[in-house]
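Everything below concerns the one structure shown next.
The values are calculated or read from the model by the stated rules, or taken from the named source; none is laboratory data. Source: prediction; values computed, not measured. Cβ placement follows ideal geometry from the backbone for every residue including glycine, while neighbour counts extend to all protein chains displayed. Quick note on the areas: whole protein, heavy atoms, side chains included, nothing else; ligands and nucleic acids left out. Shrake-Rupley method; radii C 1.70, N 1.55, O 1.52, S 1.80 Å.
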Amino acid sequence: MKIKWIFVLLLFLEFISLIALGWVIYRTWAPDAWVITAVISSGIIMLLTGVAYRKLVIPMRGIANGMDLIRAQDFSSRLAKVGQPEADRIVEMFNAMMLRLRNERVRIREQNHFMDLLISVSPMGIIILDTFGKIMMNNPAAEEFLGMKGRDGIIGKTLEALTSPLADSLVRLKPGTTETLRLSDSKIYRCSRLSFMDNGYAHPFILIEHLTQEVMKAEKHAYERVIRIISHEVNNSVAGISSMLSTAGAVAREGDGMSKEDADMIAEVAEVSRERCMSMSKFISAYADVVKIPPANRRRVNLNEELMNFHSFLESICRPHGVELIYDLDEEEIEVMMDSMLFQQALINIVKNSVESISMSDNDARGWVRISTSGSEDLSLTITDNGNGISSDSQSHLFTPFYSSKPSGQGLGLIFIADVLEKHGCNFNLSTSSEDHLTRFCISFPHVDQRTKD
């Protein structure tokens, strides 16, 4: 029951008591005395009730109003003093508390706004998950790394539901760990899965740092230096050894002091050794050529037309191995910025890898390589083959220097392809589908700038 109704009840009881007292006085005293007594008693009672109301009800009403302000989180309003020292002290303490709460709220809002700005412009990808593993917040960098930029939002989705090579790797990332991931599109990320406390609950979040340029630059600098040293030393030695072997073979053929059979044998051994030295020189030169890729001199070309001009040469790569070359080009004209010579060399390596994969396949079906283009949304080129595919072990090592799954591979073919495609500003991905078991090398070209086009 509210206090004011208690006072109403008290006033009613006092009124009844006053009537009863007046009736007793009326029966014993004179009427005039009854009236005087009744008036005096009524005034005293009303005065006491008013004082009690002021002392109790008004402060309690102020406290109730303060509780309503806190419940509504209205920290800007203040309580007015009631003119009572004890109650006014409570009012002052309450108003000071509300001022501190308001300042704290402003400070937290400013900090949150700063954190939101910092997260949104951060070059690191940030993904915050809820307790059910669903994405509750992310920044633009994370969408770009996941390949979801410009698509439907990822808020409310799980990492498993995202069609992204990076998302697949993030799913396998254990809590509290940091790993460096190298994906099938040659991109390298350092990813951390950590957590923070919010309202007593641990919220997991993921940090993604793009390391592709730094790592590839460091790797390239390292293997360029190694290859240059090896190439210099080997070629110098090979040149001298080849000259000596040629001289030894010529002397042996003259046959002075030995039988013809011995002379022929020595000459043959010298020639075989010389050829082996030359093969070694070519082998080392192949590595050296990879590190001498010139900058791309790009110009605006028709992608379909470039592929058609190169059809005969690609056909000559496929035909000796019984591999069918299929062209599936978009009817629309696709204009891209390209260095034709560099890109053709990269395309040769891609098709050559596809043919070698088909040759190693145990599949009895006829091998084929399909080259298709699309210009509807993204400007893309896709090379598909039905070869042996890429194993799960090899998937994480793609585009790693000197790694090759082929017995005679040098491990620099994909490095050369990646370097050429990056010089063209292309995004690319190499993977084998688990659904149709086909291997696809997908290349996306940047759109031609209208200013360049005009």
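Accessible area ranking (1.4 Å probe, heavy atoms, ligands and nucleic acids excluded), largest first, for Tyr201, Tyr327: Tyr201, Tyr327.
Using only the heavy atoms of the protein chains and a 1.4 Å probe, how would Arg109, Arg102 rank by accessible area, largest first?
Values: Arg109 150, Arg102 85 Å².
If we order Arg109, Arg102 from most to least accessible, we get Arg109, Arg102.
How much accessible area per residue does the range 305-366 have, counting only protein heavy atoms and a probe of 1.4 Å, in square angstrom? Before the final figure, lay out the partial values.
Values: 3530 Å² over 62 residues.
Per-residue value: 57 Å².
The length gained by stretching the chain between Ile108 and Leu211 to full extension, at 0.36 nm per residue less their Cα-Cα distance, is 33.7 nm. Taken along the Cα-to-beta-carbon direction at a fixed 7 Å, the label points for Glu324 and Met93 span 9.0 nm. Accessible-area rank, largest first, for Arg300, Arg366: Arg366, Arg300, with all protein chains present and a 1.4 angstrom probe. Per residue, the average separation of C-alpha pairs within less than 8 Å and at least 6 apart gives the range 151-201 a relative contact order of 25 percent. Per-residue surface analysis assigns Ser273 an accessible area of about 40 Å², computed on protein heavy atoms at 1.4 Å probe radius. The solvent-accessible area of Arg299, taken with every protein chain present and a 1.4 Å probe, is close to 130 Å². The order of the peptides 307-313, 384-390 by mean Cβ neighbours within 10 Å, most packed first, is 384-390, 307-313.
Just list whichever of Lys157/Lys187; Lys187/Lys352; Lys149/Lys187 have alpha carbons separated by over 19 Å in the model shown. It would help to have the intermediate numbers written out before the result.
On the way: Lys157/Lys187 24 Å; Lys187/Lys352 23 Å; Lys149/Lys187 17 Å.
Where the Cα-Cα span goes over 19 Å, the pairs concerned are Lys157/Lys187; Lys187/Lys352.
Note on Arg78: accessible area approximately 90 square angstrom, rounded to 10, probe 1.4 Å, nucleic acids and ligands left out. Seen from Met136, the other residues with C-beta closer than 11 Å to its C-beta sum to a net charge of 0, counting Lys and Arg as +1 and Asp and Glu as -1.
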